[in-house]
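Below is one structure; the comments refer to it alone.
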Amino acid sequence: MRVGFAGKVAQAFIDSKLTPLLIIGSLGLGAMALIATPREEEPQIRVPMVDVMIAWPGAEPAEVESRVVAPIERILWGVPAVEHIYSMSRPGMALITVRFKVNESNEESLVKVFERQSAMSWVLPKDSMPPVVELHSIDDVPFLTLTLWGDDWSSDRLRPIATELLRD
């Protein structure tokens, strides 16, 4: 019977007296790594996120996308330490979220976006509102979201249940 490369390696380990030592050594190194790795119940991780909201009453989403979101995204990509930019266009409104690299300062990230706000003003359509800039952090992101639903249940029947769940 012909044995391939993997079969030869397996045979070498099956017949070797070093295999148990390698297994014990690997388990020991894994246990040491587990013990030596620092852990915190609530680690302090900063991931600054800045929302830029721009209202443009009466504009269609496609127009908001092309005349507001696309130019603002290009401007914001020039901000140092930006990792991702997410955007959403709705009728009469644009929301652009700028996420910075992990452990960047919240305040410095907000200041960087505010500094770019002056460049945004000449790009925006004349009848749009000035941008509203808000800082968020990773702690503002919900870790659990519940949806209450029922075939014949109205919001009036579901609201007391939601209020009770919110309290607990």
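Values in this text are rule-based calculations from the coordinates and carry no lab data. All values derive from a computational prediction rather than experimental measurement. Virtual Cβ from ideal backbone geometry, glycine too; neighbours counted across all protein chains shown.
General remarks:
- Counted by neighbouring Cβ atoms within 10 Å, the residues 2, 67, 46, 157 run from fewest to most as 2, 157, 46, 67.
- About its Cα centre, the chain has a charge dipole of approximately 920 debye under the convention of +1 per Lys or Arg Cβ and -1 per Asp or Glu Cβ, with nothing else charged.
- For a straight C-alpha distance cut-off of 26 angstrom, the lysines reachable from residue 112 (same-chain residues fewer than eight places away being disregarded) are 101, 126.
- Listed from fewest to most Cβ neighbours within 10 Å, the set 75, 24, 35, 161 follows the order 35, 24, 161, 75.
- Candidate membrane-span-like segments in the chain, meaning DSSP H helices with Cα atoms spread over at least 20 Å of their own axis and a Kyte-Doolittle mean of 1.6 or above, are 19-36, with no membrane implied.
- For the range 1-87, applying the loop criterion from DSSP together with a ceiling of 13 other beta carbons within 10 Å to the GluC sites (Glu not before Pro) yields 40, 41.
- Here the spin labels are modelled as points 7 Å beyond Cα on the Cα-Cβ line, and at residue 122 and residue 32 they lie 6.1 nm apart.
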